[in-house]
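> Okay, here's the structure, questions in a sec.
The values are calculated or read from the model by the stated rules, or taken from the named source; none is laboratory data. For clarity, every value in this text was computed on a predicted model and none was experimentally measured. Note: ideal-geometry Cβ built from the backbone for every residue, glycine included; neighbour counts use all protein chains shown.
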């Protein structure tokens, strides 16, 4: 899935401002859902993240996912993945069954291949 919209989502620097200026894994996922798939996920609470609440916010988002979709075993483009990393739930957007768009702390947004789905919770967004 390489297109101009996707290209615009790669290389965004890590931060707490709104994409496309900066992004964290939560804001990148929400932005990618809208830009790539036309889906607006309206988190009911404040969507902002900071270095003080990143762990809490990454855990909160999974509580809202049942309002926007359902769990699946095999991912497809547009699905959302959650994976535990260093005490928080890393959030990513599947671009295919084995590629994700995501961003890690102090890095830039990127596309990576997933070798194993073990430990990843996958949600199909409606």
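> Considering only residues that are at pLDDT 90 or above and either assigned to a helix (DSSP H, G or I) or out of contact with any helix residue (DSSP H, G or I) (no Cβ under 7 Å at 6 or more places or on another chain) (or both), which ones fall in region 28-49?
Taking region 28-49 and keeping what is at pLDDT 90 or above, we get 28-39.
The answer is 28, 29, 30, 31, 32, 33, 34, 35, 36, 37, 38.
> Sticking with this structure for a sec: Kindly evaluate residue 52 against the criterion of being more than 13 Å from residue 121 (Cβ to Cβ), part of a helix (DSSP H, G or I) and at pLDDT below 95.
Values: more than 13 Å from residue 121 (Cβ to Cβ): yes; part of a helix (DSSP H, G or I): no; at pLDDT below 95: yes.
In short, no.
> For region 94-116, name all the residues that are touching a strand residue (DSSP E or B) at 6+ places or on another chain (Cβ under 8 Å) and in a loop (DSSP other than H, G, I, E, B). So that I can check it myself, show each step before the final result.
So in region 94-116, the residues touching a strand residue (DSSP E or B) at 6+ places or on another chain (Cβ under 8 Å) come out as 94-95, 98-114.
If the condition is that a residue be touching a strand residue (DSSP E or B) at 6+ places or on another chain (Cβ under 8 Å) and in a loop (DSSP other than H, G, I, E, B), then 95, 98, 103, 104, 105, 106, 107, 109, 114 are the ones that fit.
> With the requirement that a residue be in contact with a helix residue (DSSP H, G or I) (Cβ under 8 Å, 6 or more places away or on another chain), without any contact (Cβ under 8 Å) to a residue 60 or more places away in the chain and surrounded by 13 or more Cβ atoms within 10 Å (Cβ to Cβ), what does region 4-15 give you? Walk me through how you get there before you give the answer.
Residues of region 4-15 that are in contact with a helix residue (DSSP H, G or I) (Cβ under 8 Å, 6 or more places away or on another chain), as a first pass: 5-6, 8-9, 12.
Still in the running and without any contact (Cβ under 8 Å) to a residue 60 or more places away in the chain: 5, 8.
Result: 8, single match.
> Note down all Cβ pairs under 7 Å where the first residue falls in region 86-107 and is surrounded by fewer than 16 Cβ atoms within 10 Å (Cβ to Cβ), the second is assigned to a loop (DSSP other than H, G, I, E, B), and they're at least six residues apart or on different chains.
96/1; 96/77; 97/74; 97/75; 97/76; 98/114
> Now a separate question. Name every residue in region 95-119 that is more than 22 Å from residue 38 (Cα to Cα) and under 12 Å from the mean Cα position of the chain (by Cα), in order of residue number.
Matches in region 95-119: 104 only.
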